[in-house]
Amino acid sequence: MTDAVLSLKHAALSLEGNAGRVDILRGISLEVTRGETLGLVGPSGSGKSSLLMLMGGLERATGGSVTALGQDLTAMGEDELARFRRGHMGVVFQSFHLIPTMTALENVATPLELAGMRDAFPRARAELEAVGLAARADHYPAQLSGGEQQRVALARASAPRPEILLADEPTGNLDEANGSAIMDLLFGLRDRHGATLVLVTHSGELAARCDRVIRLRDGEIAPELARNAAE
């Protein structure tokens, strides 16, 4: 019996453009097990971020299936997907995606409030403390550095204690020092909450810290690492 948290079977993603159909992902089959850290690497345009979006239900597969925690994401409607993500997934983006009119504390607490958690603000404050931002809780995103904004985004993603944590180039917009600090925090949060972590990265250092690395090329798993994919 498999302990797969994420399972993709011949998953495909195609989009219609002015020049016709573009195949972004083609027949991706893989499994990610509970507690595993998986790195997705490959050149720009290879489909790394699109694959991460399929795993999070932020893009809908146009072929095959995507299953998370035993639930078929391809069969869910948008509202159902949003509820599923809110209850089971945390997502960290390269560009932070903080709400500019909310303080750091409010950015972290609001998703918890929407999920009906009564301890939203105490939990949000604890998560900000965990990423070293207790003193910046009442500051707005524009008052924070890029590294600090990414720390807030990490706190927001980890506060609901998600079983799956997805990160898309979490250090891509940061300098080396801040990027290294975010890497440490990301893996620390993973360890503290026991989440399964899937991340897209161009950083060889970050990829080296993963349990397993899958390289994409032209929308497919590169042959040299195909043995890591599920049959």
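The values are calculated or read from the model by the stated rules, or taken from the named source; none is laboratory data. Quick caveat, the model's predicted, so the values are computed rather than measured. Here the Cβ is made from the backbone with ideal geometry for all residues, glycine too, and neighbour counts use every protein chain on show. In case anyone asks, the SASA skips ligands and DNA or RNA and just uses the protein heavy atoms, side chains included. Shrake-Rupley method; radii C 1.70, N 1.55, O 1.52, S 1.80 Å.
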Only residues that are open to solvent by less than 30 Å² (accessible area, probe 1.4 Å) and within 16 Å of L15 (Cβ to Cβ): list them for region 54-77, please.
L54, A61, G63
So if I check each of P141, P122, which one is closer than 27 Å to R83 by Cα and either among the β-branched types (V, I, T) or touching a residue at least 24 places away in the same chain (Cβ under 8 Å) (or both)?
P141
Being open to solvent by less than 30 Å² (accessible area, probe 1.4 Å) and of a type outside the set (A, V, I, L, M, F, W, C) is the filter; apply it to region 173-206 and report the residue that is farthest from V5 (Cα to Cα).
G179
Would you mind telling me which numbered condition in (1) touching a residue at least 24 places away in the same chain (Cβ under 8 Å); (2) closer than 19 Å to E163 by Cβ L105 fails?
(2)
Provide a single number: the residues in region 94-110 that are within 19 Å of the chain's Cα centre (by Cα), surrounded by fewer than 15 Cβ atoms within 10 Å (Cβ to Cβ) and over 17 Å from N173 (Cβ atoms).
1
Taking the condition under 29 Å from L69 (Cβ atoms) and open to solvent by less than 10 Å² (accessible area, probe 1.4 Å), does A159 pass?
yes
Taking P141 as the residue in question, decide whether it is closer than 19 Å to A109 by Cβ and open to solvent by less than 30 Å² (accessible area, probe 1.4 Å).
yes
Looking at (1) out of contact with any Pro (no Cβ under 8 Å at 6 or more places or on another chain); (2) assigned to a helix (DSSP H, G or I); (3) touching a residue at least 60 places away in the same chain (Cβ under 8 Å); (4) of a type outside the set (V, I, T), find the lone condition where E80 falls short.
(3)
Does L144 satisfy the condition of being under 17 Å from the mean Cα position of the chain (by Cα), at negative phi and of a type outside the set (K, R)?
no
So L51 ticks every box in (1) assigned to a helix (DSSP H, G or I); (2) of a type outside the set (S, T, N, Q); (3) under 15 Å from S7 (Cβ atoms); (4) open to solvent by 10 Å² or more (accessible area, probe 1.4 Å) but one. Which box is left unticked?
(4)
